[in-house]
Amino acid sequence: MPARTAFLSKLIGFYAIAIAIALVVNKQMMVAAVSGLFQDPRVVLVYAVMALGIGLAIVIGHNVWSGRAAILVTIIGWLSLFKGLVLLLLPANAQAAYFLALHYDQYFYVYAAVTFVMGVYLVYAGYRSST
């Protein structure tokens, strides 16, 4: 695995693990924060710009489509880029509909578990390739 892929795997993996743990530990606050996100267009704008920037950085610097961890890193980059663009371009009512379609409060633990498992896999893959 190339050094850039190993670095991004570890970076995204540790980030995902930290977010998943924070989600579970602070469930009520996280649900309220995410639910409130779409109530303030200024916050959505900042979130969209950050997602767009992170997505662009990964897509431009790591558009690799071979190797499981490398593909996952690339997909995360593309999804972040897409999310940033969608949030920048969708009107407020469509953004709210997008959030409602996720059923965030209903599937909260599923989202947290997927994030955690993905993080553990990426950290493992990143360190496994470094040895």
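Checked against the criterion of being under 16 Å from the mean Cα position of the chain (by Cα), buried (at least 17 other Cβ atoms within 10 Å of the Cβ) and not polar (S, T, N, Q), the candidates LEU85, LEU79, LEU122, LEU102 yield just one match: LEU122. Residues of the stretch 1-48 that are under 15 Å from the mean Cα position of the chain (by Cα) and among the basic types (Lys, Arg): LYS10 alone. When you check TYR98 against the structure, is it among the aromatic types (Phe, Trp, Tyr), farther than 24 Å from ALA57 by Cα and in contact (Cβ under 8 Å) with a residue 12 or more places away in the chain, yes or no? Against the criterion (among the aromatic types (Phe, Trp, Tyr), farther than 24 Å from ALA57 by Cα and in contact (Cβ under 8 Å) with a residue 12 or more places away in the chain), TYR98 qualifies.
Can VAL25 be described as loosely packed, with under 12 Cβ neighbours inside 10 Å and at pLDDT 95 or above? So VAL25 passes the test.
Taking residues in the stretch 2-21 that are touching a residue at least 12 places away in the same chain (Cβ under 8 Å) and within 14 Å of VAL114 (Cβ to Cβ), and partners anywhere that are of a type in the set (S, T, N, Q) and part of a helix (DSSP H, G or I), the pairs with Cβ atoms closer than 7 Å and at least 6 places apart or on different chains are ALA16/THR115; ILE19/THR115; ALA20/THR115. I'd like the residue in the stretch 46-68 that is out of contact with any Gly (no Cβ under 7 Å at 6 or more places or on another chain), hydrophobic (A, V, I, L, M, F, W, C) and under 16 Å from ARG4 (Cβ atoms) and, out of all such residues, is surrounded by the fewest Cβ atoms within 10 Å (Cβ to Cβ). Top of the filtered list is TRP65.
The values are calculated or read from the model by the stated rules, or taken from the named source; none is laboratory data. Small disclaimer: the values here were computed from a predicted structure and weren't measured. Note: ideal-geometry Cβ built from the backbone for every residue, glycine included; neighbour counts use all protein chains shown.
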